[in-house]
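Quick notes on the structure that follows.
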Amino acid sequence: MSYIQFDKKQLLDLSYSLNKEIIRSNKAGAYSSTTIVGCNTKRYHGLLVAHQPGLEGVHVLLSSLDETVIVNNASFNLGVHKYPNEYNPNGFVYMKDFSADPIPKSTYRMKNVVLTREFLLVEHEERVLVRYIVEQATEEITLRLFPFLAFRNVNQLLRADEGIQPGISTVEDGVSIQLYPQYQELFMQVGNNSKFVSQANWYYNIEYPEDLELGAPYQEDLYVPGYFEVKASKGDIILFTGGPDVIKAGNLLRMFNNQTRKRTARSSFENCLKVSAEQFVLKTRSTPEARKYDRTDVIASYQRYRRGGRDAFIAIPGLSLVQDDLKSFKAVLDTMLKYRKGAFFPFWKYNDSQVTYEAIDTPLWFFWALQQYTHRLGDRQAVWKNYGKAIREILESYRDGTEYQIKMQDDGLLSGSEDGIALTWMDAYIDGQPVTPRAGFPVEVNALWYNAVCFALEIAGPRSTEGKKVLNDWKGMDEKIKKSFQKAFWDPKKGYLADLISLDRKNKDWSVRPNQILAASLPFSPLSDTQIRSVIEVVKKELLTPRGLRSLSKREASYQGNYRGTQTQRRLAYHQGSVWPWLMGHYVEAYLKVAEREEALPYVISLYRGFEETMSEHGISSISEVYDGDAPHAPRGAISQAWNVAEIIRTGKLIEEFDKATQPVSL
């Protein structure tokens, strides 16, 4: 039995099964995603979603592949689409079960026929492979495959268009089609002596319920140029492929088997995390002919294809742990440095032209990521040689003042403020205005700032020109910042830290938020052990859930416990109560700093293992973007979030290292 499997009863309940999604990606930057019953419920879904030369972002080429099985003149359509007021066809009624290990596998039963369907993406190609096996059949069947084509960016929707190029070219064992001239041809092939029957149709007003709930456009028309038809009997294997060029159909089975062997079985919680982590690191070449990868990015989440410095720096330490992959770790840091502007690192919202740099904390997360890299590499001299110049420049930029009024003040604390811009990780917007602007002195920014200065002083090479300058210019600044931090943010009566101090320092925001846990967890903490324990107790009482930390205490008037509804409703809840799993890593790290072995290990292990339940909750074998602040803490947002997966992996490593370090000594 598969580690993650769903039975017929679960599949028939659409209120249950339509909320379970699968995501598969490859090293070419393509992905495939849908629900476990094969019904696309959002514009991001598609069987083949890939890059296109000269176009930005990723594009849904093949939205779905519908199957019709004909047995003794009776037709069974296995596809599932949502139309106004109905699902049609309703192929989910024929599903017997669905499993996710090692690749997605759906089993269908129709009369005396049992058919299995599996799909995967080829590792280094923007190509999908679909394999059908006739497991049972008392007579010959006919299988028809209908490709639903979109040829559009993932953030758009297609409507019936007379401007398409509907012409089909015949290729070996299949056809090619290019709906629009700016796109590549899509080559679709089927082995087993199949034939393609041209029968062009538009399927109108297919609906995406997830987009409807968001208040976004939610209907589109998809183009089906015809269908592949093949005869099959018990034991036969039929393979379909869609990709950017023609391949030998006779090689499809060998290709499918070779690709399957490369997959890590999702046979345990740890393996699920490992496979999920691998999907976020994307290596690309500037040209197809280039011998080396010249860019390594962290995809922030699926299916939203966003990239940026903050996500990369928070996520890559944990993502690279699964293979102890220091090469990719360094490649991500180096890629971000290529795009650095002054102190700042980029965030690409959807594609390379939509890039922003406003983030006060991202450069400081770069220091934290570099700390993790240095710890694992064990060679401070090499790290300083490669990154010392960037370290010095960022520190000096923040000290002297830069964009967004970011500047170190006379007492060493760091402030930033820009009307209409959210500078911290709490960066949701409504109508162009930040929900939580947090202008002034944010607590986690100053904790990160202190950590960055301490790390720079620790790693600076005293024999290098850069190192001497850092050691001379910043000597004693660490103690100054620590003293100022304590005075500004700590209240001994309350027993926790202010979340924000206004720019003029006249007001302090004492809302209980999780940002203070970073002051306790970072390698260089400005807090005493007693203060760390106090912060942990407040965070545990007010914010801790089985899925991470709430972004705001339930006691606050602006608390929003459910991340649902329209985009506006969701943004109001995003950092005002929604639970963020990545913060669990920092909670556990802070806890292990000050706890005794006997009490700590069972507790933190239970927190870590609690995430095993999420493997079948929303994004199958991954961890979702956010969870409701209110119980039962339902999964919401993107189905697979990089820094969440990364920090739960790192949590497991922290526990392992703590266990080894605190083992009783045998006499």
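The values are calculated or read from the model by the stated rules, or taken from the named source; none is laboratory data. Bear in mind the structure is a predicted one, so any value in this text is a computation, not a measurement. Cβ atoms come from the backbone with ideal geometry, glycine included; neighbour counts cover every protein chain shown.
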| With GLU479, GLU458, GLU466 as the choices, which residue is in the same structural domain as GLY412 (by TED's automatic domain parsing), in a helix (DSSP H, G or I) and modelled with pLDDT under 95? | GLU466
| request: Please list, ordered by first then second residue, the pairs with beta carbon atoms under 7 Å, 6 or more apart or interchain, first in region 110-128 and closer than 20 Å to GLY38 by Cβ and assigned by TED's automatic domain parsing to the domain that holds LEU253, second polar (S, T, N, Q) and outside any strand (DSSP E or B). | output: LEU120/GLN259; LEU120/THR260; LEU121/ASN26
| remark: Filter region 507-529 for residues that are of a type in the set (S, T, N, Q) and either within 17 Å of LEU583 (Cβ to Cβ) or in contact with a Cys (Cβ under 9 Å, 6 or more places away or on another chain) (or both); the one that is surrounded by the most Cβ atoms within 10 Å (Cβ to Cβ) is ASN515
| task | Filter region 331-346 down to the residues that are part of a helix (DSSP H, G or I) and farther than 16 Å from LYS389 by Cβ, then identify the one that is nearest to the chain's Cα centre (by Cα). | result | VAL332
| query | Failed condition for ILE314, given (1) in contact (Cβ under 8 Å) with a residue 40 or more places away in the chain; (2) part of a loop (DSSP other than H, G, I, E, B); (3) within 27 Å of ARG380 (Cβ to Cβ), with all others met? | reply | (2)
| field | Residue check, ILE133 over 25 Å from TYR218 (Cβ atoms) and crowded, with 21+ Cβ neighbours inside 10 Å | value | no
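Do we find a residue being out of contact with any Pro (no Cβ under 6 Å at 6 or more places or on another chain), in the same structural domain as ILE316 (by TED's automatic domain parsing) and part of a strand (DSSP E or B) anywhere in region 593-612?
no
Matching residues to (1) polar (S, T, N, Q); (2) in the same structural domain as PRO104 (by TED's automatic domain parsing); (3) in contact with a helix residue (DSSP H, G or I) (Cβ under 6 Å, 6 or more places away or on another chain); (4) at pLDDT 90 or above:
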| position | (1), (2), (3), (4) |
| --- | --- |
| GLY235 | no, yes, no, yes |
| PHE240 | no, yes, no, yes |
| ASP245 | no, yes, no, yes |
| ARG254 | no, yes, no, yes |
| ASN258 | yes, yes, no, yes |
| ALA277 | no, no, yes, yes |
| PHE280 | no, no, yes, yes |
| ARG285 | no, no, no, no |
| PRO288 | no, no, no, no |
| How many residues does region 188-211 contain that are free of Cβ contacts under 8 Å to residues at least 60 places away in the same chain and closer than 20 Å to VAL154 by Cα? | 2
| Which one is farthest from the chain's Cα centre (by Cα) among residues in region 623-637 that are buried (at least 24 other Cβ atoms within 10 Å of the Cβ) and of a type in the set (A, V, I, L, M)? | VAL626
| Consider ASN90 against the criteria (1) under 15 Å from SER17 (Cβ atoms); (2) touching a residue at least 40 places away in the same chain (Cβ under 8 Å): it satisfies all of them except one. Which criterion is unmet? | (2)
| said: Being small (Gly, Ala, Ser), assigned to a loop (DSSP other than H, G, I, E, B) and surrounded by fewer than 22 Cβ atoms within 10 Å (Cβ to Cβ) is the filter here; which residues of region 530-554 pass it? | reply: SER553
| field | Among (1) surrounded by 14 or more Cβ atoms within 10 Å (Cβ to Cβ); (2) not in a loop (DSSP other than H, G, I, E, B) - the single one ASN258 does not satisfy | value | (1)
| Could you say which residue among SER63, SER99, SER106 is closer than 30 Å to SER353 by Cα, buried (at least 19 other Cβ atoms within 10 Å of the Cβ) and either among the polar types (S, T, N, Q) or without any contact (Cβ under 8 Å) to a residue 24 or more places away in the chain (or both)? | SER63
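Please tell me if ALA646 is buried (at least 24 other Cβ atoms within 10 Å of the Cβ) and within 21 Å of the chain's Cα centre (by Cα).
In short, yes.
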| said: Considering only region 155-173, I want to know if a residue exists there that is outside any loop (DSSP other than H, G, I, E, B), under 18 Å from LEU48 (Cβ atoms), touching a Ser or Thr at 6+ places or on another chain (Cβ under 7 Å) and of a type outside the set (A, V, I, L, M, F, W, C). | reply: no
| task | Tell me, yes or no, whether region 23-30 has at least one residue that is assigned by TED's automatic domain parsing to the domain that holds PRO225, surrounded by fewer than 17 Cβ atoms within 10 Å (Cβ to Cβ) and modelled with pLDDT under 95. | result | no
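Only one of ALA557, ALA519, ALA573 is outside any loop (DSSP other than H, G, I, E, B), farther than 23 Å from ILE406 by Cβ and of a type in the set (A, V, I, L, M, F, W, C); which?
Residue meeting the stated conditions: ALA573.
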| query | Do we find that ILE247 is touching a residue at least 12 places away in the same chain (Cβ under 8 Å), in a loop (DSSP other than H, G, I, E, B), surrounded by 17 or more Cβ atoms within 10 Å (Cβ to Cβ) and not basic (Lys, Arg) in this structure? | reply | yes
| field | Residues of region 139-181 satisfying the condition of being more than 24 Å from ALA30 (Cβ to Cβ) and in contact with a strand residue (DSSP E or B) (Cβ under 7 Å, 6 or more places away or on another chain) | value | GLU140, ILE141, THR142, LEU143, ARG144, ARG159, ALA160, PRO166
